[in-house]
1. At 20 °C and 1.002 mPa s, what whole-number value in µm²/s does Stokes-Einstein give for the translational diffusion of region 14-127, with Rh from the Kirkwood sum over Cα pairs?
2. Neighbouring Cβ atoms within 10 Å as the yardstick, rank Val66, Val58 fewest first.
3. Over region 14-127, what is the relative contact order in whole percent, taking alpha-carbon pairs under 8 Å and six or more residues apart?
Amino acid sequence: MTPDALPPASRPSLRRRLDQLGIGLAGLCALHCLLTLGIVSALGLGGHFLMDENIHRVGLILALGVAGWAIGWGMLRHGRRLPFAVALGGLVLMGLALLVPHGTNEFLLTLVGVAIVSAAHWLNLRAAR
């Protein structure tokens with residue numbers, strides 16, 4: 001059976017794909033944070049590029065866009081507000097991470113925020129079932 005022959009409910013929806021993209025971006029962000037910490041600490045390399053504020057700003061803009069679209073759309077579709085509330089909390093933490101100097105606080109705010117946004121995408125996927 002070809003993908004076009006599947007009933008609409010069986011095909012992955014754009015919203016589902018956006019949630020999956022959001023989870024993937026969250027994983028990439030966490031990987032970036034951990035690798036940056038390891039590479040800069042152990043080797044002293046790449047600090048000027050890996051710790052650039054613009055990487056964090058672009059990441060937050062991507063997270064806001066993907067979460068807003070996928071989770072907002074999901075809330076309109078399934079009517080559950082929990083994924084939206086959870087995503088909002090994670091995005092606030094990610095935003096706060098931009099306001100503190102590089103270091104442990106920024107690292108922790110970013111990682112916790114990213115994990116919470118990823119959990120919100122997972123909740124949104126579950127709510128749509």
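Just so you know, all these numbers are worked out from the coordinates, no wet-lab data involved. This structure is a prediction, so every number in the text was calculated from the model and none was measured. So basically every Cβ, Gly included, is an ideal-geometry build from the backbone, and we count neighbours across all protein chains shown.
1. For the chosen part, D equals 151 µm²/s.
2. With the fewest neighbours first, Val66, Val58 line up as Val58, Val66.
3. So the answer I get is 38 percent.
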